[in-house]
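Encoded as structure tokens, the structure appears first; notes follow it.
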Amino acid sequence: MYYSSGNYEAFAHPLKPEGVEGKQAYIVGSGLAGLTAAFFLVRDAQMPGKDIHILERDSRAGGACDGWDYSQLGYTMRGGREMDNHFEVMWDVFRDVPSIEDEAASVLDYYYWLNKRDPNYSLCRATVDRGKDAHTDDRFNLSDKGCMEIMNLFFTPEDQLQDKKITEYFSDEVLNSNFWLYWRTMFRLRELAFRPGDEALHHPLRPSPGRPS
């Protein structure tokens, strides 16, 4: 392993590995990481797609990006995704994947053109009353007591969280804070029991990008 700078090596195509035609690849999970691994095997290792096997336990592919129209919930996705200019691996993948809207363009091309035609940008973190600025002033508004409640949840073993409600860990010190407003609106959380796979269970302290405490 060595490191280089610039895009000199990033744009070069690697040589085909010796003996790749006689190899089989087995990838566990069809989420973003698994699909990305399969992509690089096809593009960079030049492995035939028929020799790549993706194993998935669920009935549909996608991992946490398995957006689906559930009859009782509506369109739901387990994870929220934000697109950043510096997601080098993602944009590297997208620049070589054909767009389903226009096969002559890549996913990156189509995404870029769409954002140029219809730019969306706002410094407003939260809205109320159908789009009015909630004036949260870029603050989490967490008291020391609220911070301790979050830390207590963070250090609680996962097996002790089963069938627990959020209100058993958080008081109004958290639930009435801007932090919780950001969190529950980003991940569509309500006062529900924790369940395996819930974002709140696995990432109770993932910060809002660029927001001070």
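Quick note: the coordinates plus some simple rules give every number you see, no bench work behind them. What you see is a predicted model, and the numbers here were worked out from it, not measured in a lab. Glycine gets a Cβ as well: all are built from the backbone with ideal geometry, and neighbour counts include every protein chain shown.
Points worth noting:
- Loop-located chymotrypsin sites (Phe, Trp or Tyr not before Pro) in the range 137-174 (DSSP state other than H, G, I, E, B) with a sparse environment of at most 13 neighbouring Cβ atoms within 10 Å: PHE155.
- Annotation note: GluC sites (Glu not before Pro) in the range 71-111 located in DSSP loop regions with a Cβ neighbour count of at most 14 within 10 Å are GLU82, GLU101, GLU103.
- Using the Cβ-Cβ distance between GLU101 and HIS13 with R0 set to 35 Å, the FRET efficiency from 1/(1 + (r/R0)^6) comes to roughly 0.85.
- Amide hydrogen neighbours beyond the local backbone of VAL28, cut-off 5 Å, H modeled: LEU55
- Within the range 1-88, the trypsin sites (Lys or Arg not before Pro) that combine a DSSP coil assignment with at most 12 other C-beta atoms in a 10 angstrom radius are ARG57, ARG60, ARG81.
- Sorting CYS124, CYS65 by the number of Cβ atoms found within 10 Å of their own Cβ, with the fewest placed first, yields CYS124, CYS65.
- Taking a point 7 Å from the Cα of MET90 along the Cα-to-Cβ direction, the residues of the range 23-43 with backbone N closer than 18 Å to it are 30-40.
- Extension gain (nm, one decimal) between LEU175 and ASP133, 0.36 nm per residue minus Cα-Cα: 13.2 nm
- Taking the average, over residues, of other Cβ atoms within 10 Å as the packing measure, peptides 157-164, 108-115 rank 108-115, 157-164 from highest down.
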